[in-house]
Amino acid sequence: MTVVYDKVALIGLGLIASSMALAMKRGGLVGQITGYARSRDTRDIARELNLCEVCETADEAVRDADLVVLCVPVGAMAEVMADIGPALKPGATLSDVGSVKKAVIEAVSPFVPDGVHFVPAHPLAGTEHSGPRAGFATLFDNRWCIIVPTPGTDRAAVERLEVLWQGMGANTDEMDADHHDLVLAVTSHTPHLIAYTMVGVADDLRRVTDSEVIKYSAAGFRDFTRIAASDPTMWRDVFLTNKEATLEILGRFTEELFALQRAIRTGDGDHLHAYFTRTRAIRRGIIDAGQDTDAPDFGRTPVKR
Ligand code: NAP
């Protein structure tokens, strides 16, 4: 693999940034990686893990960088950009990994200096863990990274960033910001909200004791709890910034839920059977596309006591 960028700076050193650092090193894709996180604790952990050259200020990290990637929660992007904007090198590419694109573009664009190419991106890969210790080099393998060029974005800058993501193992695709936010509202944001709700409902239902919820969780609930364990700051920001698309999908979800509720009440087994047959086919499609394992129960091995 040839070097795609001489120097990459990662701002924020959590799950996504640390996975990027490890994946870039695995592929020999960059000459130098610098990084910055706001807390001393995170910077110390990143140093201990030898993730990258950890700097004491964001300015220092981005100086002379050919690519700067914002890896902080969506709600923190503007504040971080206001800080580093003046320090960006002319001709550099600025990107981000935020889970929402329209709001990030609106927040970041005013701080992008002339001569810097802003190429927003979103790797569709993650886990419920956060922080620099959560990263691993294979996180992006065979996952999608959506590149969201803004009008007038330099094509060469877009293509170079795509080469980097492909080198990190991802497949790349391009979309406009509105479409990205709608697709993600269906595939990620609303499912997270539903998982948060289901776990919240179980927690509220005092007739079922806490120990029973935990003891019998393998019956479906466990998979909701994994999603509902995701980082609260990141997900608060996702819903506050992808409001329109999430509310649109939630409206549709509620209508379908009422239809299923009615089918249960009226004993309409045909409706339920037809619905579940359709949804089973979607699972098949995800497996055929290589986006999940066909192994029963996601290939988990039973936990030994
Ligand atoms: P994370 O593990 O929680 O790391 C977030 C990093 O951002 C930490 O280094 C944190 O610094 C820093 N940070 C937080 N608030 C900040 C602020 N106000 N100013 C400056 N730095 C701040 O998060 P992550 O999972 O890597 O997510 C990072 C971005 O990737 C988010 O925009 C998220 O939407 C996106 N994303 C996440 C996933 C996922 O599944 N996790 C998937 C795709 C995209 P400290 O540690 O010092 O507080």
Check your understanding: Working from the pairwise distances between different alpha carbons, so that the mean of 1/r is found and then inverted, what is the stretch 101-259's Kirkwood radius in Å?
Key -> 18.0
Study note, to complete from the structure: antiparallel share of DSSP beta bridges within the stretch 5-175, to nearest 5, in %, is 10
Review point. Lys/Arg Cβ at +1, Asp/Glu Cβ at -1, dipole of the chain taken about the Cα centre: which of 298, 2, 107 is farthest positive-ward?
Key: 298
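State the percent of C-alpha pairs, over all pairs in the stretch 5-175, separated by a distance greater than 24 angstrom. Spell out each step's value before the answer.
Numbers: 3650 of 14535 pairs.
The proportion of pairs with Cα distances above 24 Å equals 25 percent.
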Review point. Over the stretch 179-288, how many percent of alpha carbon pairs lie in each 10 Å bin up to the one with the longest distance?
Key: 12, 32, 40, 15, 0
Review point. Tell me, what % of the accessible area of the stretch 5-175 is carbon and sulfur with a 1.4 angstrom probe?
Key: 49
Practice item. Under 15 Å from the Cβ of residue 82, count the other residues' Cβ atoms, weight Lys and Arg +1, Asp and Glu -1, and hand me the total. Key: -4
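Using the per-residue mean of other Cβ atoms lying within 10 Å as a proxy for protection, in what order, highest first, do the peptides 163-172, 210-219, 5-14 fall? All intermediate terms of the calculation are to be shown ahead of the outcome.
Details: 163-172: 20.3, 210-219: 11.1, 5-14: 24.9.
So the order, starting with the most tightly packed, is 5-14, 163-172, 210-219.
About its Cα centre, what dipole magnitude does the chain give when the only charges are +1 on Lys and Arg Cβ and -1 on Asp and Glu Cβ, stated in debye to the nearest 20?
On the way: 32 positive and 42 negative charges, 229 e Å.
In total the dipole reaches around 1100 debye.
So, counting K/R as plus one and D/E as minus one, what does the shell of residues with Cβ under 13 Å around residue 58 add up to?
Numbers: positive: 38, 43, 63; negative: 56, 59, 60, 79, 83.
Computed value for this residue: -2.
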Review point. Assigning unit charges at the beta carbon (Lys, Arg +1; Asp, Glu -1) and nothing else, what dipole magnitude in debye, to the nearest 20, does the stretch 225-305 show about its Cα centre?
Key: 400
Check your understanding: Which distance in Å, rounded to a whole number, links the C-alpha centroids of the stretch 154-216 and the stretch 66-102?
Key -> 21
Review point. Hey, can you rank 257-265, 68-76 by average C-beta count inside 10 Å, highest first?
Key: 68-76, 257-265
Exercise for review: Report the one residue of 49, 65, 98 whose Cα lies farthest in the direction of the positive end of the charge dipole of the stretch 5-175 (charges on C-beta: Lys and Arg +1, Asp and Glu -1; origin at the Cα centre).
Suggested key: 49
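I'd like the projected area of the chain, averaged over all directions, using the convex hull of its alpha carbons. Report it in nm² with one decimal. Write down the numbers at each step before the final one.
Numbers: hull surface 72.8 nm².
About 18.2 nm², averaged over all directions.
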Revision key, fill the gap. Once normalised by the length of the chain, the mean sequence separation of its alpha carbon contacts under 8 Å that are 6 or more apart gives a contact order in percent of 16
Practice item. Evaluate the charge dipole of the stretch 5-175 about its Cα centre and quote only its size in Debye, nearest 20, assuming +1 on the Cβ of each Lys and Arg and -1 on the Cβ of each Asp and Glu. Key: 280
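What accessible area per residue comes out for the stretch 5-175, rounded to a whole number of Å², with a 1.4 Å probe?
Values: 6770 Å² over 171 residues.
Normalised by residue count, the accessible surface of the stretch 5-175 is 40 Å².
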Study note, to complete from the structure: Taking Lys and Arg as +1 and Asp and Glu as -1, residues besides residue 43 with C-beta under 14 Å from its C-beta add up to -2
Study note, to complete from the structure: Descending packing, highest mean Cβ count within 10 Å first, for 48-54, 20-26 is 20-26, 48-54
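The values are calculated or read from the model by the stated rules, or taken from the named source; none is laboratory data. From a predicted model like this one, the values you see are computed outputs, not experimental measurements. Backbone-built Cβ (ideal geometry, glycine too); neighbour counts: all protein chains shown. Areas reflect the complete protein model, heavy atoms only, side chains present, ligands, DNA and RNA absent. Shrake-Rupley method; radii C 1.70, N 1.55, O 1.52, S 1.80 Å.
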